[in-house]
Structures are given as structure tokens and as C-alpha cells.
Amino acid sequence: MDIQKIVADVVAKLTSNPDLIKSFLSNPVQLLEKTFGIDLPDEQINQVIEGVKGKIDLKQFGLDDVTKAAGLLGKPVHEKV
């Protein structure tokens, strides 16, 4: 299974459809399985998800706010006071 090819294909489809990118950010596994027909073991699906997250430009989708983007990506945002 060529993970890099899958990542490239998914990124190409996501970036052409903002609704898909938002669905991916909220539930990537479900989107990959249902929309793209990708059914991989957890380790490989996680590699695809991380690869896609690393290649998408959140600013392109109006997600340049760090707090909002981090929340959508499932990463906690910690502010130092």
C-alpha cells in the first residue's frame, strides 16, 4: 500500500471541495472510509491522516485562526499567561 499516493490523492480531492475538508477535520477516519473507500489498519490510516494534515493549507479554507484550527485537528491549545 503506497501511503504517499493515498495522501496525495486525498489532498487533491479535499482541496477541491471545502465541505470535504471540514468533514475530514472533524472526523477523518469516517470520511476516508465512507467517501474515499479507504479501509486500512489503524496504523496505516493514522499515517494517511497525519500526512493529509501536514499537506493541507488551513488558511485556504478560512481556518487560519490557531485556536480554531487546533480544535478541528484535535490538538489542545494551551495559552501561557
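Nothing in this text is a laboratory measurement; each read-out follows from the coordinates by a stated rule. What you see is a predicted model, and the numbers here were worked out from it, not measured in a lab. Positions of Cβ are backbone-derived with ideal geometry, glycine not excepted, and every protein chain shown enters the neighbour counts.
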Task: Summed side-chain charge close to Ser23 - residues other than Ser23 whose Cβ falls under 15 Å, Lys, Arg +1, Asp, Glu -1 - done: +2
- [ ] Figure the gain on full extension for Ile3 and Glu43 (residue separation times 0.36 nm, minus the Cα-Cα span) and round it to one decimal in nm.
- [x] 13.3 nm
